[in-house]
Amino acid sequence: MSDTASLVSAVEILGAVEESYKTILTPEAIAFLVLLHRTFNQTRKALLARRRARQAALDGGILPTFLPETKFIREDPTWQGAPPAPGLVDRRVEITGPTDRKMVINALNSEVWTYMADFEDATAPTWENLVSGQVNLYDAIRRQVDFTPPGGKAYKLRTDRVLPTLIVRPRGWHLDEKHFVVDGEPISGSIFDFGLYFFHNAHELVKRGFGPYFYLPKMESHLEARLWNDIFKLSQDMIGMPRGTIRGTVLIETILAAFEMEEIIYELREHSSGLNCGRWDYIFSFIKKFRQNPAFVLPDRSAVTMTSPFMEAYVKLLIKTCHKRGVHAMGGMAAQIPIKSDAAANKAAMENVYKDKLREVNAGHDGTWVAHPALAAIASEVFNKHMPTPNQLFKRTEDVFVTEADLLNSAVPGKITEDGIRKNLDIGLGYMEAWVRGVGCVPINYLMEDAATAEVSRSQLWQWVRHQVTTAEGIKVTKDYALRILEEETAKLEKAAPKGNKFRQAAQHFSTQITGEDYADFLTTLLYDDITKINSKSAKL
């Protein structure tokens, strides 16, 4: 890249550049990011505008359908996704979590097949979290991530087994990285996360027998998958890597993407490693997209399970689609964490994990997610017993037919209760309070909550107030009622938390989102400015 100096000159870095960051923020890597930004950012912005137009149509009552213009893709039986890449043939249990150094070591030491290092929903995108996370992954790939915090215990990578395959989840298309400005505008968070990881590690990963693998979140159409594919192709060309080395697993976590699953695999063909059921985000998207439509009001979050009609239809279609096209159909998250203080409650929670994983493997999933290492043994036991092969891509379900009406079937049994309202408030407040402190993954009531579950909580509250529902106790859910309960729950949480907590700050934001009026596109965009630390001058490398 002969033009590196002039490309770097187009960049302002508005976050602190610690000495350890300089391994990552090299002139060559920065130049690579600039080229990706200049080549693809206009397309990204056009796709985000398309999202807004699509939402306006949904608000007007136009429901999604399978696309007539891509019918030829769905009806062509001959095309296939890529064969599984090295390290991705067997993915029966995947662990996910943020990219702090301790988590990276613990995840790689877990008895799992892959580790999804998450720059998205499990990470609050402070500048420090993002760049230090890149440092941690750089070091982990090279097996130099061991560390001992001051006065703490030593954390070391195990050497008695092959470590799990690393997969990275960058942020979604809607998020900017305000600390890294190119030509006067913030770079895409997706491009920033992907570009730094790929540039520094792609060749090293291949040398070690793997490759640069990614989970791709929050997409709403096959055109957004096409953008990722174009970025993959150019990125490989730029560093002299054969096309098809990158692999991307797409999280089907929006209702609109569910109508375009085959098209999404088709766009990524040579780079596709399958689809994943992003269950909590999918519920969030279902509520969000149809929030103005009273026919889509759902009961308490606890009643919306994977056997709810619209969820069951989505799972069946995902498995059928993936196996038809020769790629993995990954299951969803077990968010439970061990309850050490209550043996009976812990037993019941772990039995629920077992049942959920049994449902997934019997349905035809090729693997599943856990949020805590202790759950890996349960998930492994289920998949090892019921899927003795590395995957079950051979399991075809041609007799399954999922219609548009099935995907939109909101007839979920259950009630809306005051307890459900309070739980939504607790989860939303608990997660948002942690997020503005720079923590993106937080245990609440023995579940590992991330942005997706907080989104479900606030979207349900907005929906219930908007449509003036009545609870099982006979209470009409109004704006005033929601704000009163919010104040009660905030006061309780504040009282129980250590001094210096940010529950009041979280409540101020939350209060704007539960009245059936304003609705931020994402909580992460609503809260982002609270955790940005913009320097007045560009940092010197």
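Identify, please: which residue in region 110-158 is among the aromatic types (F, W, Y) and either assigned to a helix (DSSP H, G or I) or on the phi > 0 side of the Ramachandran plot (or both) and is, among those, surrounded by the fewest Cβ atoms within 10 Å (Cβ to Cβ)? It comes out as Y138.
Scanning region 239-262 for residues that are open to solvent by 10 Å² or more (accessible area, probe 1.4 Å) and assigned to a strand (DSSP E or B) turns up at least one hit. Listed by first and then second residue, the pairs with beta-carbon distance under 7 Å, at least 6 apart or on different chains, first residue in region 361-373 and closer than 18 Å to G87 by Cα, second open to solvent by 10 Å² or more (accessible area, probe 1.4 Å) and charged (D, E, K, R), are G367/R92. The listed residues are A434, A482, A520, A472, and the only one of them that is touching a residue at least 40 places away in the same chain (Cβ under 8 Å), within 26 Å of E177 (Cα to Cα) and of a type in the set (G, A, S) turns out to be A434.
Checked against (1) out of contact with any helix residue (DSSP H, G or I) (no Cβ under 9 Å at 6 or more places or on another chain); (2) open to solvent by less than 10 Å² (accessible area, probe 1.4 Å), K476 meets all criteria but (2).
Given the condition at pLDDT 95 or above, on the phi < 0 side of the Ramachandran plot, among the basic types (K, R) and out of contact with any Lys or Arg (no Cβ under 9 Å at 6 or more places or on another chain), answer yes or no: does some residue in region 226-236 qualify? The answer is yes; a qualifying residue exists. Among the candidates F32, F66, the residue that is closer than 30 Å to I287 by Cα and in contact (Cβ under 8 Å) with a residue 60 or more places away in the chain is uniquely F66. Each residue in region 1-21 was checked for being in contact with a helix residue (DSSP H, G or I) (Cβ under 8 Å, 6 or more places away or on another chain) and part of a helix (DSSP H, G or I), and 6 of them qualify. Screening E224 with (1) within 19 Å of the chain's Cα centre (by Cα); (2) surrounded by fewer than 24 Cβ atoms within 10 Å (Cβ to Cβ) gives one miss only, at (2).
Consider region 515-534 and keep the residues that are among the β-branched types (V, I, T) and touching a Lys or Arg at 6+ places or on another chain (Cβ under 6 Å). The one that is least open to solvent (accessible area, probe 1.4 Å) is T515. Of all residues in region 391-421, those satisfying the criterion of being hydrophobic (A, V, I, L, M, F, W, C) and touching a His at 6+ places or on another chain (Cβ under 8 Å) are L393, F394.
The values are calculated or read from the model by the stated rules, or taken from the named source; none is laboratory data. Here the structure is a predicted model, which means the values were calculated and not measured. Heads up, the Cβs are rebuilt from the backbone with ideal geometry, glycines too, and the neighbour counts pull from every protein chain shown. Note: areas computed on protein heavy atoms with side chains; ligands, DNA, RNA excluded. Shrake-Rupley method; radii C 1.70, N 1.55, O 1.52, S 1.80 Å.
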